[in-house]
Amino acid sequence: MPLNIIIGTQWGDEGKGHITDRLAHDAAVVARYSGGDNAGHTVTIGDEIFKLHLIPSGIIHPGVICLIGNGAVVNPAVLLREMDELAARGVDVGPERLKLSGAAHLITPAHIAMDRAHERARGREAIGTTMRGIGPTYTDKARREGLRAELLADPVALAGALASHVATKNEALVGGYGMEPVDVAAVLGEFTDYARRLGSHLADGPALVDEALARGHMVLAEGAQGTLLDIDHGTYPFVTSSSPTAGGAMTGLGVGPRVVDRVIGVAKAFTTRVGSGPFPTELDGAAAARLRGMGDKPWDEFGTTTGRPRRVGWLDLPILRHARRVNSLSELVLTKLDILSGLAEIPVCVAYELDGRRVESFPPDLKTLARCRPIYETLPGWVEDITDARRPSDLPAAARWYVEFVSAGAGAPVSHVSVGPGRAQFIEME
């Protein structure tokens with residue numbers, strides 16, 4: 001069986017963990033290929049809710065091997081905390097099940113300090129990062145100054161590399177930003193313990209994936225963030241520091257495109273984002289609160305990682321068309337359709353008005369996007385609660401029409417629809 005890739009088609013938070021969990025039962029390997037613990041994937045099984053940041057969502061399925069690939073960046077403290085929390089709930093996170101690519105890069109306290117320093121220095125131009133050291137770690141990787149996870153197998157080399165790394169960052173923190181230095185001794189002590197606990201989890205990630213594919217097994221590539229946060233194809237500079245698109249899955253796992261079968265784009269039935277930057281369909285006031293929720297439910301629109309309220313707006317079809325093109329999507333999964341129940345009418349952005357003319361495509365630069373105004377087509381809503389729907393025929397006619405409208409407007413078939421946070425709350429569309 002081939003490689004199947006799960007892609008976020010908006011600004012992240014689309015429900016990728018939900019669909020990964022849904023598909024993982026057929027996979028031999030579930031692999032994260034980009035990002036770090038700035039991701040937040042929620043899996044709901046009955047009354048149990050699992051919130052994952054680094055570990056692939058397939059970990060909940062016994063027997064599935066989970067890989068953190070070379071394209072990811074890893075804070076060992078966060079990884080171990082997540083492992084301990086899962087183990088306490090009876091989930092096997094031993095070295096036979098959870099693998100860490102030796103070519104993944106390590107996040108240190110110095111990276112986190114640099115992230116905070118950069119954001120503070122930007123002032124009103126701040127990107128709105130999660131302050132978890134993701135950007136500085138990818139910067140070091142690109143500058144060939146990074147610390148790879150393979151160092152966890154060599155304590156002497158790890159100590160030397162860390163000492164040099166922290167010293168360099170401290171020069172910038174103190175001399176350039178006027179901040180307190182990072183404690184070198186504390187970092188060395190922490191990472192000595194991390195190496196002891198994580199060394200046995202190290203693996204040759206590309207070889208592991210290749211072996212599974214050669215045996216005819218399915219590998220599921222789990223993305224983090226979304227297409228509009230891609231460093232090349234997103235709303236630069238308000239983006240992440242990696243490639244959460246299909247191309248990123250290739251480099252982030254060490255495979256070529258010939259092994260790919262499905263590229264599954266996940267989209268919310270409306271649009272959300274966290275952080276700064278233009279957002280053509282953004283809502284405020286009561287309309288925003290209606291889509292966002294009040295934060296009293298786990299599925300309300302508050303960041304899994306940061307807890308920040310997400311910006312919300314109506315569905316934007318130019319965004320989905322952009323995601324289809326950039327990722328060569330084979331299909332779409334539409335999540336949170338149930339949130340729209342009870343609305344009398346549902347506007348959908350079908351194009352933009354730009355300087356007096358209609359444009360159908362998502363603009364390639366931020367200044368142009370900021371001038372775009374949404375052109376809406378208003379669809380009829382439905383009053384029925386659809387959380388118990390399990391077949392397309394269970395959906396109200398207006399809900400089915402909404403799904404069909406999205407499919408036609410995005411240019412990709414909708415293969416599944418989620419109508420709630422639970423593992424069983426999925427409809428396979430005919």
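The values are calculated or read from the model by the stated rules, or taken from the named source; none is laboratory data. What you see is a predicted model; the values in this text were computed from it and never measured. No Cβ is skipped: glycine too gets one built from the backbone with ideal geometry, and neighbour counts run over all protein chains shown. Note: accessible area is taken over every heavy atom of the protein model, side chains too, but ligands, DNA and RNA are not part of it. Shrake-Rupley method; radii C 1.70, N 1.55, O 1.52, S 1.80 Å.
Values as computed for the structure displayed
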{"read-out": "Mean Cβ count within 10 Å, highest first, over the residues of peptides 367-379, 341-353", "value": "341-353, 367-379"}
{"read-out": "Spherically averaged projected area in nm², based on the convex hull that wraps the Cα atoms of the chain", "value": "20.5"}
{"read-out": "Over 27 Å between alpha carbons, listed pairs K51/K169; K169/K367; K16/K99; K141/K268", "value": "K51/K169; K169/K367; K141/K268"}
{"read-out": "Mean projected area (nm²) of the alpha-carbon convex hull when the stretch 274-430 is viewed from all directions", "value": "9.9"}
{"read-out": "The stretch 363-430 - convex hull of alpha carbons, volume per residue in Å³", "value": "136"}
{"read-out": "Gyration tensor verdict on the stretch 124-274 (Cα atoms; rounded if a/c is under 1.5, prolate if a/b is larger than b/c, oblate otherwise)", "value": "oblate"}
{"read-out": "The stretch 283-430 - percent relative contact order, Cα under 8 Å, separation 6 or more", "value": "25"}
{"read-out": "D37 long-range amide H proximity, modeled H, under 5 Å", "value": "N75"}
{"read-out": "Accessible area per residue in Å² at 1.4 Å probe, computed on the chain", "value": "40"}
{"read-out": "On Cα atoms only, tilt of 397-410 relative to the major axis of the chain in degrees", "value": "60"}
{"read-out": "Accessible-area ranking of H53, H217, H322, largest first, probe 1.4 Å", "value": "H217, H53, H322"}
{"read-out": "Inter-part distance where the stretch 70-114 and the stretch 329-377 are each reduced to a Cα centre, Å", "value": "37"}
{"read-out": "Ordering of 86-93, 393-400, 20-27 by burial proxy (mean other Cβ atoms within 10 Å per residue, highest first)", "value": "20-27, 393-400, 86-93"}
{"read-out": "Percent carbon-and-sulfur accessible area, the chain, ignoring ligands, DNA and RNA, probe 1.4 Å", "value": "52"}
{"read-out": "Computed label-point distance, nm, for sites E345 and R308 using a 7 Å Cα→Cβ extension", "value": "3.3"}
{"read-out": "Shape box of the stretch 340-391 [Cα atoms, principal axes, largest first, Å]", "value": "43, 19, 16"}
{"read-out": "Separation of alpha-carbon centers, the stretch 237-261 and the stretch 149-184, rounded to whole Å", "value": "29"}
{"read-out": "Karplus (6.51, -1.76, 1.60) ³J(HN,Hα), θ = phi - 60°, over the stretch 173-183, in Hz, Gly and Pro reported as x", "value": "4, 7, x, x, 10, x, 9, 6, x, 7, 6"}
